[in-house]
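**Student:** Questions regarding the structure given below will be posed in turn.
Since every read-out is calculated from the coordinates, none of them should be taken as a lab result. A quick note: this is a predicted structure, and the numbers were derived from the prediction, not measured.
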Amino acid sequence: MRVTYLGFFLLLWFPGVLHAQSAARHCDAPRLPHGYIVSEQNEYDHGRTLTYACEKGHKPAVEGWWATSTCQSGTWSPKPQCIVEEGCIPPTIPNAKYTESLTGWYEEGDKIRITCDEAYELKNNDATAVCTNGSWSSVPVCERSDDACDAPPKVPHAVIVDHGYQELFAADTHLQYECEDGYTAEGAGNDKTIVCIAGTWTEGPTCSSAATPGAGHGGSTEGATGGSGTQPAGRGTTPSTGHGGGSSDSSLQPAGGGSSTTSDSNGSDSRPSFLPINNCGRYPFVPYAAVEAGRMNLRYRCDEYHTLVGLDTVVCHSDRSWSKLPDCKEKSCVLNPARYPLLQLSGFQHLTGAWKHFHCIWPGYYTFVMCDNGEITTGQCCNYYGHCL
């Protein structure tokens with residue numbers, strides 16, 4: 001009996017609390033300028049969905065000419081909104097991010113700039129989109145980077161630590177394995193870390209039972225000492241001076257495919273395939289390219305007038321030589337000042353299919369140049385009186 005009275009007493013004392021909890025799950029009817037709502041009422045229960053459309057000259061701030069919104073604990077989601085027909089709703093661009101509008105939509109002429117997520121890069125270097133007459137012009141695309149890596153290889157009796165699972169990893173990503181209790185990391189110089197280089201993971205460890213004697217603890221052979229900069233057995237590649245060249249692409253070993261290392265008396269690896277780039281000295285020079293340095297690799301990017309040929313990522317081998325360098329090949333329809341010394345050119349220039357006027361090196365003389373099907377055609381240098389050289 002006392003319990004019943006106590007419950008009745010609480011209801012009398014806390015009616016405001018109970019009403020607030022109940023009201024929090026309802027939504028007031030939304031205000032919708034330039035639009036109208038089907039089955040309009042003053043209040044909507046939690047979970048209730050309404051349908052709305054917009055007046056002529058306006059459209060919903062979502063795809064389609066009509067839209068829905070759902071009451072979620074006192075808030076409408078998505079917010080019912082009618083915008084002008086020339087406006088744009090936020091574009092959906094996979095694997096990318098951009099600054100979103102505070103109003104939830106964009107006006108005619110608004111421009112957004114895209115930044116791709118790690119392991120992705122812009123297609124055709126197109127990073128912007130413009131709202132034009134209610135739609136986006138040339139929406140950028142973020143595609144997988146050529147030097148990105150898939151999920152790392154599975155190592156029995158080991159897990160990846162300090163990193164959640166994902167399907168794609170950016171170049172120069174470092175992941176660390178940790179062996180389960182009772183197992184010890186062996187191989188790859190006992191290094192538990194793997195690195196994403198040029199689309200491939202470096203070789204990882206093997207987790208062996210602690211009861212099994214580990215390899216790699218014997219003395220070194222005469223042919224491969226452990227000294228700094230010593231030539232590894234069987235490679236036959238001299239250390240690079242940092243001016244280019246380097247060894248072939250085949251030395252970029254995939255995970256599990258072996259590594260270029262020295263060997264001890266038991267035939268086990270004693271040095272990893274790759275070293276941090278500061279072990280290889282001065283960075284190699286690639287004409288018409290800029291270089292970005294990471295901890296384990298260099299990445300080269302050609303300028304807008306040249307196309308990269310070969311791998312854009314260069315690594316430092318265990319013998320302190322650079323891997324093979326890429327080249328920057330001149331694109332078609334590009335005027336190179338060195339090839340056209342009679343033209344006044346301040347630098348490389350792109351050409352289109354139309355004839356373009358250029359001044360010659362002689363004052364008062366000019367010519368016309370055109371590129372058709374990748375071939376550049378030049379005329380004679382003539383002055384305005386018709387005299388040609």
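**Student:** Under the rule of at least 5 residues apart or a separate chain, name every residue whose amide H is placed under 5 Å from the amide H of Tyr120.
**Tutor:** For Tyr120, the qualifying residues are Ser145.
**Student:** Around Lys331, which amide H atoms from residues at least 5 apart in sequence, or from another chain, sit under 5 Å from its own amide H, with H modelled in the peptide plane?
**Tutor:** For Lys331, the qualifying residues are His306, Thr307.
**Student:** Give me a comma-separated list of calculated 3J(HN,Hα) values for the range 69-85, in order, Karplus coefficients 6.51, -1.76, 1.60 applied at θ = phi - 60°, integers in Hz, x for any Gly or Pro.
**Tutor:** 9, 10, 6, 10, 6, x, 10, 7, 9, x, 5, x, 7, 10, 10, 5, 5
**Student:** Using the Karplus curve 6.51 cos²θ - 1.76 cosθ + 1.60 with θ = phi - 60°, work out ³J(HN,Hα) for each residue of the range 43-58 in order, rounded to whole Hz, and write x for Gly and Pro.
**Tutor:** Once θ is set to phi - 60°, the couplings for the range 43-58 become 8, 10, 5, 4, x, 6, 10, 10, 10, 9, 9, 10, 6, 4, x, 10 Hz.
**Student:** Additional query: Mean projection of the alpha-carbon convex hull of the range 96-144 over all orientations, in nm²?
**Tutor:** 3.4 nm²
**Student:** Using θ = phi - 60° and the Karplus form 6.51 cos²θ - 1.76 cosθ + 1.60, what ³J(HN,Hα) does each residue of the range 309-318 get, whole Hz, x for Gly and Pro?
**Tutor:** Whole-Hz 3J(HN,Hα) from phi for the range 309-318: 10, x, 6, 7, 9, 10, 10, 9, 6, 5.
**Student:** Between Val141 and residues 5 or more places away or on another chain, which pairs have amide H atoms under 5 Å apart, with H built 1.01 Å from N, and which residues are they?
**Tutor:** Residues meeting the criterion, in which the H sits 1.01 Å from N, are Lys123.
**Student:** Show me the three semi-axes of the equivalent ellipsoid for the range 24-118, from the C-alpha gyration tensor (sqrt of 5 times each eigenvalue), largest first, rounded to whole Å.
**Tutor:** Each semi-axis is the square root of five times an eigenvalue, giving 27, 18, 10 Å.
**Student:** For each pair in Lys192/Lys324; Lys329/Lys356; Lys97/Lys324; Lys331/Lys356; Lys79/Lys111; Lys97/Lys356, compute the distance between the two Cα atoms and list the pairs where it is over 30 Å.
**Tutor:** Cα-Cα > 30 Å for Lys97/Lys324; Lys97/Lys356; rest within.
**Student:** If eta is 0.890 mPa s and T is 25 °C, what Stokes-Einstein diffusion coefficient results for the range 139-209, Kirkwood Rh from Cα pairs, in µm²/s?
**Tutor:** 189 µm²/s
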